[in-house]
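The values are calculated or read from the model by the stated rules, or taken from the named source; none is laboratory data. Here the structure is a predicted model, which means the values were calculated and not measured. Every residue, glycine as well, gets a Cβ built from its backbone with ideal geometry; the counts of neighbours run over all protein chains shown.
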């Protein structure tokens, strides 16, 4: 029975390997994107660029907001919120 199972699973092994590599890459990218040291470095570079006049105040604020947003996990909608609460009453 093990030989038959192996014969059926063998063609899918390369696909499973590619999926596992993709998951590893995704996890590493997530970890690096949320690295506080990297975010701090980006904030410092933005501050220096703003001080030297390389970027405008709007661009600096946008870059700072994007950097800080990477540290904060996305908010999940509260349970029970939506069109049913507070509308139509």
Search result, residues across the stretch 4-63 that are outside any helix (DSSP H, G or I), surrounded by 13 or more Cβ atoms within 10 Å (Cβ to Cβ) and more than 14 Å from the chain's Cα centre (by Cα): 55
Residue in the stretch 66-89 that is farthest from residue 35 (Cα to Cα), counting only those that are at pLDDT 70 or above and surrounded by 10 or more Cβ atoms within 10 Å (Cβ to Cβ): 66
